[in-house]
Structure formats: structure tokens, C-alpha cells
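Notes to accompany the following structure.
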Amino acid sequence: MKLKLSILLLAISVGAFGQKPAPKTEQDFYEIKTLPIPQDLYLEVGGLATMPDGRLAVSTRRGEIWIVENPYQKDSHQTNFRRFASGLHEILGLAYKDGVFYCSQRGELTKITDTNRDGVADLYEPIYQFELSGNYHEYTYGPVFDKNGDMLVTLNLAWIGFGEGKFAKWRGWLVKIKPDGSLEPQSAGLRSPAGYSINDEGDIFYGENQGDWVGSGRITHLAKGDFAGNPGGIKWAKEPNSPFKLTLEEIPDNSQPMFEAAKKVKNLKLPAVWFPHAIMGISTSDIIQDTTKGKFSPFPGQYFVADQGQSKVMRVFMEKVNGVYQGFCINYREGFQSGILRERFGLDGSMFVGMTSRGWGSTGKDNFGLQRLVWNGLTPFEINKIHAKSDGFEISFTQPVDVKSVKNAASYALRSYIYQYHHQYGSPIINVNELKIKGISVSPDKKTVRISMDGIRQFYIHEFILKGVLNEEGEPLLHETAYYTLNQIPAGDKMAMNESSAPVVEKAAIAVVEQPKLAVNGKKQIVTEAQALALLKKHTCLACHAKDKKVIGPSYEDIAKRKYSDQQILALVYKPNPQNWPDYATEMAPMSHIPANDVLKIASWINGLGAKNKVEPNRD
């Protein structure tokens with residue numbers, strides 16, 4: 001009996017030690033902490049400002065400013081909210097400087113002071129009043145202070161089925177407001193510039209939403225005189241103080257890539273980094289650079305871009321090549337409670353995240369929220385940086401790699417593509433090219449891998465899927481997919497092609513799930529929910545849709561009620577018609593890059609949701 005028990009225990013222990021550890025997740029490194037909000041307070045966050053005394057200021061879409069005490073929750077989990085200001089109009093930006101608040105209301109840049117120091121504002125001073133037409137989409141963001149103490153403000157275009165700025169002056173522009181209240185226009189071509197910031201070199205970057213003239217989300221470096229692409233506010237380029245002259249007639253509208261238009265429009269500024277739609281967000285919002293010197297993340301100096309629709313934070317690395325910014329984006333942390341509009345670093349290096357989803361929708365289910373993102377000091381296995389090379393790219397990792405895995409060509413899936421530049425809303429990806437690896441070399445410390453490849457293209461997005469890359473412990477990357485925007489191809493030596501740099505070409509050791517054929521002998525095959533969900537996840541459809549509830553778009557059950565045929569669903573995925581769903585604020589982008597066979601399988605499953613469950617008679 002003792003022998004049998006010993007053998008059993010040995011078998012159990014061997015089995016336990018032989019089990020593969022579960023892959024690490026974002027939660028293993030980055031904790032989301034929720035700040036409790038009083039039940040009767042609708043904290044639809046429009047702006048955040050950290051205060052030097054440890055408090056946090058929050059502005060809201062309902063025109064209030066609240067002061068949060070104990071936002072770092074050091075002594076207890078409990079926070080205290082005190083209303084500082086009210087009666088304002090949709091405050092979508094907040095700054096604190098020298099004991100005074102500055103905010104952007106819909107039609108005014110306002111200075112707010114507590115003169116008697118009783119904790120409540122008593123002096124509201126207009127610095128600059130912006131024109132308004134009454135259109136709902138004329139949001140105003142900021143201010144952001146520059147090194148000279150001037151204030152930068154961005155102005156949203158009106159929306160009348162397309163972006164339009166001619167109803168109110170300087171809509172679609174980045175402007176500078178001096179302390180004396182004078183306005184100096186800086187850059188135009190902005191559509192919905194909800195987030196922008198100044199980096200440690202003094203350069204301005206702003207995030208843009210997909211829409212008309214904007215094929216997908218992106219961040220762009222703005223210098224004075226730049227035109228970022230949307231001509232809705234170009235009327236004001238005729239003003240005497242405009243930094244450039246340009247007319248609508250000079251803008252090509254032929255669905256060619258944006259870089260082709262830039263050959264004809266000299267001040268058209270190309271994005272520094274594209275964010276592929278529905279994969280890397282759907283509604284780009286705030287952007288800030290990590291200047292915490294290692295407190296916030298293991299990626300000091302890199303940028304963190306929020307997405308309102310997908311309730312997540314993404315990471316961006318940028319480099320300058322030939323004086324032009326370019327770089328890659330990659331996911332960082334998902335799972336926030338609502339749609340992220342604002343990010344600000346706290347005194348301890350954590351990041352406060354302010355959220356709202358009313359009217360816009362988000363994957364986070366709450367209508368609003370206030371959370372804090374905290375790094376625990378552990379470094380995940382991640383892509384650290386990607387540098388462009390004359391014949392490919394050099395990828396650095398946070399940990400030494402398993403050389404066998406990175407030398408295997410099957411560990412990589414690489415391709416490039418771009419978007420159309422036109423007045424239509426969004427764009428499918430176009431000009432897709434698969435990229436073939438020619439050579440792979442690994443640095444002595446095993447933390448840098450250089451890849452030489454055929455077919456790199458200037459101005460294109462280069463997609464990296466590193467599904468087979470492992471570290472020395474055999475662990476996969478926390479995030480395996482990155483997207484590099486190659487604005488400039490640097491000069492330099494090409495990789496020497498020899499036996500040591502030759503990639504190993506073999507089949508990928510990745511399990512392939514067999515998908516059912518749509519029909520066998522003319523009979524339609526059933527697509528199971530597990531098979532459909534796998535396809536929906538693969539093509540990022542679940543970022544905007546769920547089976548039985550509204551997210552950004554309608555639920556699949558609601559779509560089934562429309563009784564579209566499978567072919568009609570295919571046509572609508574490739575060329576959406578927003579008029580079919582007028583109650584949804586965010587238009588669906590064309591998704592023509594998804595294989596038709598996959599769409600038809602998904603459509604078959606959707607239509608199955610609308611069928612009544614039939615009870616088969618008991619034949620026993």
C-alpha cells in the first residue's frame with residue numbers, strides 16, 4: 001500500500017512539474033486601481049491635472065471641476081471629492097499652473113482662481129473666446145503650456161456628415177494663446193484632436209481619430225505651418241495671420257495614399273505613426289511621453305497613447321530618421337472601466353486615467369470612471385524598440401531571446417500596407433504586400449535581432465507578428481504584434497548574407513485549427529459559436545461588437561434581427577452603410593482585408609442567432 005501511494009505521489013509531482021506555466025498577462029505587470037466615486041457624482045472626465053500637494057483635479061463634461069483628496073490611496077482606499085468650480089460648459093481640458101487652473105470650455109479658454117483660499121473658485125476670467133456655430137461636434141481641448149508659458153489649444157471640426165470648420169473660425173486648427181489673450185494659429189488639418197502633448201525635445205504630437213480624410217487613427221508631429229490632412233478648416237488659411245496659404249482645390253481627392261498627395265501639397269504632414277483601425281484602437285485620444293525616469297514603466301522616454309473606444313492604453317516608440325519622426329505602436333494595457341479620454345502622471349510615477357463613454361461608446365462598460373495604472377517593477381518579455389535599417393529593421397527586446405526561435409523564419413509573419421486619402425469616412429487597407437525574410441542576425445547579448453527583408457516600402461505601415469519568438473525561458477512575448485510606420489529609409493550598410501545570417505526555413509510549430517467548409521454536397525454546414533468567436537477575435541471584431549449587448553456597434557443578436565443574407569453581411573463588412581444604424585455615433589470602417597470565407601462563416605453564425613431553437617421530438 002505504501003509503495004502504491006509513493007508511486008501515486010511521484011506521478012502527481014512529475015505531472016505538476018511537467019505542466020507548462022500559464023502565459024503571463026498584462027495584469028502580472030500593470031495593475032489598474034479604481035478610485036471610488038460617490039454614487040451621486042457623474043464624473044464624466046474631460047480633463048485631469050495633478051497638483052503638487054498630492055491632490056488631483058478633475059474637470060467634467062458637465063462643466064464642473066472637482067478636487068480629489070487621497071487619490072494615491074496611501075492611507076486608505078477611500079477618496080474624498082470636493083467641488084471646486086461649476087457652471088462651465090463641457091470642460092475637455094484642464095491645467096494647473098502657479099496655483100491657478102486653466103481650462104477649455106466649449107467656447108472659451110478660462111482662468112479660474114480661488115482668491116480667498118476657501119477651496120472654492122470665486123474668480124472666472126476669460127482669456128480667449130472661440131467662435132461657435134452650435135454644432136455638437138465643436139469640442140475644444142487644452143490648454144497645454146509650452147516652455148514660454150504660452151497655451152496651446154486644439155479645436156474640433158463641426159460634423160454635418162463630414163468634418164466642417166468654416167462655420168466657426170479656427171475650427172480644425174492648433175492655436176497658441178498668449179497670456180495677454182492674443183491668438184496665433186499654428187497648424188491646420190485637424191479633425192478631432194482630443195489629445196496632444198509636448199515631448200522632452202519641445203516637439204508637439206497630437207492624436208487623430210479615423211474619419212473623413214483620415215483612413216485610420218494616427219499620431220502626427222505638428223510644427224508651425226503644417227497641414228495634417230483634413231481640409232475642413234482650411235478656409236481660415238486665407239487669414240492674414242495664417243502660417244500658410246492653401247485652398248480646398250489644391251487637395252487631391254482620388255483615394256490614393258496620403259504620401260502621394262504630399263508630393264503635391266508641400267506642407268501636408270504625414271503621420272509619425274499609424275494605428276491600424278480596430279486592431280490598435282478605434283478612437284485615439286490622449287498621448288503623453290513617459291518622463292518619470294523608470295517609475296511608470298520599463299520603457300522610459302516612450303509614449304503612451306489612450307484609446308477611448310477600446311478602453312485601453314497603447315505604447316509608441318519613435319525615432320528620427322533624416323529629421324523625420326517615425327516608429328511603431330503596440331498594445332500595453334487593456335481592461336479599463338470606460339472610454340479613456342485623459343492620461344496624466346501622478347507624483348509617484350503612476351498614471352491617472354480619466355474616462356467617459358456617453359454618446360461615444362466604449363468596450364469599458366461604465367459610463368465614466370477614474371482609475372490609476374501602476375507598474376509593479378517587473379519587466380515583461382516585450383519588444384522594446386524597433387529601428388529602421390537600410391534593408392529591414394532591428395528589433396530590441398527587454399530580455400534575451402531563444403536564438404533558435406528567432407532564427408526560424410516561421411516565427412514571423414510580416415507584411416506592409418497603407419490607407420486611402422479621401423473625403424470618405426475611413427479606409428480599408430490597400431496595397432498589401434507580404435514581406436520575405438532574407439537574413440537574421442542576433443547580437444551577442446541576445447537582446448537585439450536584425451532582420452533583412454525584401455520589399456520594405458517608404459511611407460508604408462509594416463506589420464510584425466512575432467508569434468514564434470521566445471525568450472531563453474521558452475516564454476512568448478506579452479504582446480506579439482507591432483506596427484512600424486516607415487516614413488524614411490535610412491542609409492547604411494546592408495546585412496552580410498552568409499551561412500550565419502541565413503534564416504531557418506521550416507514549418508511553424510503553431511497549431512492550426514481546422515475551419516469547416518461552408519458547404520458539403522450543397523448542404524450548408526453549421527459554424528459553431530467557438531469557431532465564430534475564434535474568427536471574431538482573430539479579426540478584432542470583438543473590440544466593437546458582442547454577441548448579446550451593445551459595445552461600440554450593435555450586438556450580433558441585433559444584427560441577426562435584420563435578417564441580412566450571408567452575402568449581404570459580406571457586402572456590408574466590406575462597404576459599411578452607416579445609415580443602417582443611425583443610433584450609433586461611431587461609423588464602421590471598411591474591413592475588406594478580412595478574407596471573404598471568414599466573413600461568410602461569421603455571417604452564417606450570426607444568422608443562426610436569429611433562428612428559433614427547434615425541439616427535436618423524442619424518438620426513444
From the cross-link list Lys312/Lys385; Lys264/Lys385; Lys312/Lys575; Lys74/Lys312; Lys365/Lys601, which pairs have alpha carbons spaced over 30 Å apart? Lys264/Lys385
Taking the convex hull of the alpha-carbon atoms of region 290-346 and averaging its shadow over every direction gives an area in square nanometres of 4.6
Would you kindly compute the Cα radius of gyration of region 133-290 and its largest Cα-Cα separation (Dmax), both in Å? 14.6, 44
Qualifying trypsin sites (Lys or Arg not before Pro) for region 379-435 [loop in DSSP, other Cβ within 10 Å: at most 12]: none
A 1.4 Å probe over the protein heavy atoms gives region 177-294 a carbon and sulfur accessible-area percentage of 49
Take the Cα radius of gyration of region 313-403 and divide it by 2.2 N^0.38 Å, with N its residue count; two decimals is plenty. 1.38
Using θ = phi - 60° and the Karplus relation 6.51 cos²θ - 1.76 cosθ + 1.60, list the HN-Hα couplings for region 267-275 in order, rounded to whole Hz, with x at every Gly or Pro. 9, 6, 9, 7, x, 6, 9, 8, 10
Could you state the orientation-averaged shadow area of the convex hull built on the Cα atoms of region 339-461, in nm² to one decimal? 11.7
Given the options Pro578, Tyr124, Pro298, identify the residue whose Cα lies farthest towards the positive end of the charge dipole of the chain (+1 on Cβ of Lys, Arg; -1 on Cβ of Asp, Glu). Pro578
How large is the accessible surface of Phe304 in square angstrom, using a 1.4 angstrom probe and rounding to the nearest 10? 0
Surface per residue (accessible, 1.4 Å probe) for the chain, Å²: 45
Given just the C-alpha atoms of region 14-146, how large is their convex hull per residue in cubic angstrom? 197
12 Å beta-carbon shell around Gln210, net charge (K/R +1, D/E -1): -2
The chain, dipole about Cα centre (Lys/Arg Cβ +1, Asp/Glu Cβ -1), debye to the nearest 20: 1480
Please report Rg (one decimal) and Dmax (integer) in Å for the Cα set of the chain. 26.0, 97
State the percent of C-alpha pairs, over all pairs in region 165-245, separated by a distance greater than 17 angstrom. 44
If you place +1 on the Cβ of every Lys and Arg and -1 on the Cβ of every Asp and Glu, how big does the dipole about the Cα centre of region 132-172 come out, in debye to the nearest 20? 80
Calculated [θ] (222 nm, deg cm²/dmol) that DSSP helices of n ≥ 4 give over the chain, each run adding -39,500 (n - 2.57): -3000 deg cm²/dmol
Using r as the Cβ-Cβ distance of Gln78 and Lys549, and R0 as 41 Å, what FRET efficiency do you calculate, to the nearest 0.05? 0.80
The answer for the net charge of residues other than Asn376 whose Cβ lies under 9 angstrom from its Cβ, with Lys and Arg +1 and Asp and Glu -1, is -2
Among Ser362, Ala237, Leu190, which residue has its Cα furthest toward the positive end of the charge dipole of the chain, with +1 on Lys/Arg Cβ and -1 on Asp/Glu Cβ? Ser362
Eigenvalues of the alpha-carbon gyration tensor of region 265-322, times 5 and square-rooted, give semi-axes in Å, largest first, of 22, 18, 9
Tally Lys/Arg at +1 and Asp/Glu at -1 over every other residue whose Cβ is under 9 Å from the Cβ of Thr481; what's the total? -1
Quick one: if you take sqrt(5λ) for each eigenvalue of the C-alpha gyration tensor of region 218-349, what semi-axes come out, biggest first, whole angstrom? 31, 17, 15
Please state the Cα pair-distance histogram of region 457-511 with 5 angstrom bins from zero: what percent is in each bin? 4, 13, 13, 18, 23, 20, 8, 1
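The values are calculated or read from the model by the stated rules, or taken from the named source; none is laboratory data. Keep in mind that this is a model prediction, so the values were computed, not measured. Glycine also receives a Cβ, built like all others from the backbone with ideal geometry; neighbour counts cover every protein chain displayed. To get the accessible areas, we keep the full protein, side chains included, count just its heavy atoms, and leave off ligands, DNA and RNA. Shrake-Rupley method; radii C 1.70, N 1.55, O 1.52, S 1.80 Å.
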